[in-house]
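The values are calculated or read from the model by the stated rules, or taken from the named source; none is laboratory data. Note that the coordinates shown come from a computational prediction; the quantities given were computed from them, not determined experimentally. Here the Cβ positions follow ideal geometry from the backbone for every residue, glycine too, while neighbour counts run over all protein chains shown.
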Amino acid sequence: MTETSRIRSVLVANRGEIARKVFRVWEPYRMRTIAIHTDADASALHVQEADVAVRVPSYLDADAIIAAALETGAESIHPGYGFLSENAGFARAVTDAGIIWIGPTPEVIEKMGRKDAARALAVAAGVPVVPSFVLDANGALVEEVAQQPSRDPYPVLVKAAAGGGGKGMRVVRSAAELEPAIAAAKREAASAFGDDTMIIEKYVERGRHIEVQVFGDTHGNVIHLGTRDCSAQRRHQKIIEEAPAPALDDAVRERMHTAAVELARSVAYTNAGTVEFLLDASTGDFYFLEMNTRLQVEHPVTEAVTRLSLVPMQVRVAAGGTVPPQERAEVEGHAMEARIYAEDAFGGFLPQAGTATVVEWPEFVRVDHALESGQVVSTAYDPMLGKVIVRGEDREEARQRLIDALDATSILGLTTNTGFLRELAASDVFAEPGGIDTAWLDRHEVPRPDPTPAREIAARLWLDAHSAPDGPFAGDGFRMGAAPVVPTVEFDERATAVARVPEGTVARVDLHGVELAHHGQRYVFRRPDASADHGAAIGDGTIAAPMPGTVLDVRVAEGDQVTEGTVLGVLEAMKMELALKAPYDGRVTTVAAVTGQQVALGAVLFVVSEVEEVAQRPSRDRSDS
């Protein structure tokens with residue numbers, strides 16, 4: 001990194017694993033690292049590992065971030081991804097303040113960072129784009145790009161012109177859904193990016209998400225670093241990515257490479273960028289979707305197959321250096337990345353929160369993360385906890401290594417999608433190269449893992465723990481097949497039998513039950529208590545918070561008559577909105593939700609009683625009032 005000699009310090013305008021990665025790049029060169037953090041992140045890992053940390057009100061507060069950089073003498077700012085990474089105004093303010101911006105120029109971000117402007121440039125360059133629509137005076141969709149208007153334009157995709165990461169995006173299948181979808185997408189985009197501009201385009205039902213990593217420098221050089229397939233998505237959010245894109249015709253791959261490089265060259269693109277394409281699985285045609293003018297979350301798979309480190313390349317280019325020649329970016333082998341999220345993947349992908357009491361990451365593969373045992377995961381930010389990255393000589397070897405790595409990933413204290421990812425990676429459809437399209441997970445359910453092995457392990461742990469009060473399971477927890485989480489103890493015969501449970505299972509035993517992670521999936525087995533009040537039965541009309549979050553909207557009052565499906569309120573967590581609906585026709589008898597209120601998982605927000613039930617209740621004697 002010889003060209004970086006004039007950059008001696010960096011402030012990362014971000015948080016979590018990307019901030020940690022940028023700091024690691026600086027470590028060998030003994031350069032100063034500066035973190036920013038909100039109150040919620042005061043004890044986060046990226047804060048602990050930086051040389052200097054500065055509090056800011058928000059990761060979207062550009063003025064506060066630049067002030068922090070000037071106050072600490074930061075010579076450069078790396079934006080990471082998300083937040084202000086594709087905000088041209090922020091990039092310009094950084095350079096105007098005399099600070100080096102590690103990213104594309106503000107002018108290029110303005111041209112390519114917005115989906116609406118980028119697609120116009122792609123059209124001008126002759127790159128095929130997905131047909132888009134505008135609204136006429138009556139709110140009807142009018143096709144803008146295609147040669148012949150569609151008789152029925154639906155389904156369409158409403159998405160934010162700014163930002164990315166699947167936020168501010170809705171699939172709309174009828175005219176009746178359009179207005180509320182646009183309103184919800186606007187709110188989400190404004191919250192995530194500070195920009196609620198929308199574009200509407202034709203939705204391809206069975207498409208594959210293929211992208212090309214590009215890199216340019218200030219000397220006019222632009223190269224590509226191959227393709228990635230990011231088709232494994234839920235709700236437009238990527239969960240498993242791989243490089244290179246499998247089952248792709250060589251001619252199509254080369255056309256994508258050429259289109260991406262030429263598009264970047266046409267705007268004098270510098271630093272890291274990604275050109276995203278939609279491959280129509282039914283026709284083989286591909287369309288330009290957008291360009292991400294930043295480093296992507298999935299960049300590690302490109303690093304794994306090219307043996308190039310992208311963050312050092314970013315720093316080198318920002319300092320005036322050059323990109324390597326195209327031949328240095330040869331792709332070898334196959335790589336996969338799985339994103340670990342704090343969410344209940346088998347329960348509607350609802351965000352989760354809580355204290356991660358035990359965190360075990362696999363030691364035999366690369367893991368980019370910002371989570372360790374004892375940390376609190378809140379709903380304030382994106383639910384991604386870490387990324388598990390593997391490489392193999394071919395795709396099948398990489399897939400098997402991913403399964404092994406997810407088996408060795410264990411998080412207790414809150415639910416994550418690790419077990420879901422493991423089951424998806426091990427499925428027949430994922431084993432088939434190119435077998436998954438972007439909407440596959442919206443049409444299919446990944447089967448829950450068989451709980452029998454976990455149940456048997458939990459039963460043995462419970463019996464052993466409570467048959468010997470001073471035994472090895474009387475403490476806080478135990479790591480089976482390896483060192484115990486609690487201090488080392490002398491095993492008796494029962495403990496030795498349990499210790500032969502396969503490596504990769506992590507468990508905690510207490511007086512009320514057993515919590516364990518087996519093959520990535522978290523299980524909680526509680527001791528039955530016949531005398532306990534188990535609360536409302538399923539189907540009694542009680543609507544509880546299915547995730548911890550903030551009440552965004554309350555749309556009913558006590559006494560209101562509602563029909564099945566009526567939206568009672570809206571809950572928001574981690575930039576995701578969830579409508580809470582009436583389970584059947586009836587009357588609202590309880591409204592415990594208040595707009596702006598922070599609520600815990602399971603908090604009762606509404607109660608809807610069936611009309612017959614309300615009628616049968618004894619009336620209240622007014623004389624007792």
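Out of GLU337, GLU332, GLU290, which single residue is of a type in the set (Asp, Glu) and either in a helix (DSSP H, G or I) or surrounded by fewer than 23 Cβ atoms within 10 Å (Cβ to Cβ) (or both)? Of GLU337, GLU332, GLU290, the one residue that is of a type in the set (Asp, Glu) and either in a helix (DSSP H, G or I) or surrounded by fewer than 23 Cβ atoms within 10 Å (Cβ to Cβ) (or both) is GLU332. Just one of the listed residues (ASP476, ASP464) is at pLDDT below 95, in a helix (DSSP H, G or I) and in contact with a Lys or Arg (Cβ under 7 Å, 6 or more places away or on another chain), and it is ASP464.
Can you find a residue that is farther than 29 Å from THR322 by Cα and part of a loop (DSSP other than H, G, I, E, B) anywhere in region 23-39?
yes
In region 93-124, of all residues being among the charged types (D, E, K, R), over 26 Å from PHE23 (Cα atoms) and in a helix (DSSP H, G or I), the one that is nearest to the chain's Cα centre (by Cα) corresponds to LYS115. Out of all the residues in region 547-558, is one or more farther than 30 Å from LEU412 by Cα, modelled with pLDDT of 90 or more and surrounded by fewer than 11 Cβ atoms within 10 Å (Cβ to Cβ)? Yes, region 547-558 contains at least one residue that is farther than 30 Å from LEU412 by Cα, modelled with pLDDT of 90 or more and surrounded by fewer than 11 Cβ atoms within 10 Å (Cβ to Cβ). Scanning region 562-596 for residues that are among the charged types (D, E, K, R) and more than 26 Å from the chain's Cα centre (by Cα) yields a count of 3. Here ALA281 fulfils each of the conditions (1) under 27 Å from ILE200 (Cα atoms); (2) of a type in the set (A, V, I, L, M); (3) at pLDDT 95 or above apart from (3).
Every test in (1) assigned to a helix (DSSP H, G or I); (2) surrounded by 21 or more Cβ atoms within 10 Å (Cβ to Cβ); (3) among the charged types (D, E, K, R) is passed by GLU86 save one, and that test is (1).
When region 588-613 is limited to residues that are over 15 Å from ALA545 (Cβ atoms) and surrounded by fewer than 15 Cβ atoms within 10 Å (Cβ to Cβ), the one that is modelled with the highest pLDDT turns out to be VAL611. Within the bounds of region 229-236, is there any residue that is at pLDDT 95 or above, under 18 Å from ALA329 (Cα atoms) and surrounded by 17 or more Cβ atoms within 10 Å (Cβ to Cβ)? So far as region 229-236 goes, yes, one or more of its residues are at pLDDT 95 or above, under 18 Å from ALA329 (Cα atoms) and surrounded by 17 or more Cβ atoms within 10 Å (Cβ to Cβ). For region 583-603, give me each residue that is more than 13 Å from VAL554 (Cβ to Cβ), in a loop (DSSP other than H, G, I, E, B) and free of Cβ contacts under 8 Å to residues at least 40 places away in the same chain. If the condition is that a residue be more than 13 Å from VAL554 (Cβ to Cβ), in a loop (DSSP other than H, G, I, E, B) and free of Cβ contacts under 8 Å to residues at least 40 places away in the same chain, then ASP585 is the only one that fits. Note on region 167-217: among residues that are aromatic (Phe, Trp, Tyr) and not in a helix (DSSP H, G or I), the one that is nearest to the chain's Cα centre (by Cα) is TYR203. Among the residues of region 423-454, those that are in contact with a strand residue (DSSP E or B) (Cβ under 7 Å, 6 or more places away or on another chain) and farther than 15 Å from GLN233 by Cβ comprise PRO449, PRO451, PRO453, ALA454.
The single condition from (1) surrounded by fewer than 20 Cβ atoms within 10 Å (Cβ to Cβ); (2) touching a Gly at 6+ places or on another chain (Cβ under 6 Å); (3) of a type in the set (Ser, Thr, Tyr) that TYR269 fails is (1).
Of all positions in region 212-233, at least one carries a residue that is small (Gly, Ala, Ser) and farther than 30 Å from THR322 by Cβ.
Note on region 358-417: residues that are among the β-branched types (Val, Ile, Thr) and either outside any loop (DSSP other than H, G, I, E, B) or farther than 30 Å from SER43 by Cβ (or both) amount to 10. Restricted to region 101-119, and to residues that are buried (at least 21 other Cβ atoms within 10 Å of the Cβ) and touching a strand residue (DSSP E or B) at 6+ places or on another chain (Cβ under 7 Å), which residue is modelled with the lowest pLDDT? Filtering first and then ranking leaves LYS115. Checking the structure you have, find out if any residue of region 139-155 is closer than 25 Å to PRO79 by Cα and modelled with pLDDT of 80 or more. Within region 139-155 (the criterion being closer than 25 Å to PRO79 by Cα and modelled with pLDDT of 80 or more), the answer is no, since none of the residues qualifies.
Starting from region 61-84, keep only residues that are in contact (Cβ under 8 Å) with a residue 12 or more places away in the chain and under 12 Å from ALA97 (Cα atoms), then list their pairs with residues that are among the basic types (Lys, Arg) and in a loop (DSSP other than H, G, I, E, B) whose Cβ atoms are within a distance under 8 Å, requiring at least 6 positions of separation or different chains. So the pair list comes out as GLU75/ARG6; GLU75/ARG8. Against the test of being in contact (Cβ under 8 Å) with a residue 12 or more places away in the chain and more than 18 Å from VAL22 (Cα to Cα), the options VAL331, VAL317 yield a single qualifying residue, VAL331.
Matching residues to (1) part of a helix (DSSP H, G or I); (2) closer than 28 Å to LEU84 by Cβ:
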{"position": "LEU225", "(1), (2)": "no, yes"}
{"position": "GLU241", "(1), (2)": "no, yes"}
{"position": "ALA245", "(1), (2)": "no, no"}
{"position": "GLU262", "(1), (2)": "yes, no"}
{"position": "MET313", "(1), (2)": "yes, yes"}
{"position": "VAL317", "(1), (2)": "yes, yes"}
{"position": "THR322", "(1), (2)": "no, yes"}
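For region 33-55, a residue qualifies if it is over 23 Å from the mean Cα position of the chain (by Cα), without any contact (Cβ under 8 Å) to a residue 40 or more places away in the chain and buried (at least 20 other Cβ atoms within 10 Å of the Cβ), and the qualifying residues are THR33, ALA50. For the condition closer than 25 Å to VAL204 by Cα, β-branched (Val, Ile, Thr) and modelled with pLDDT under 95, THR274 does not qualify.
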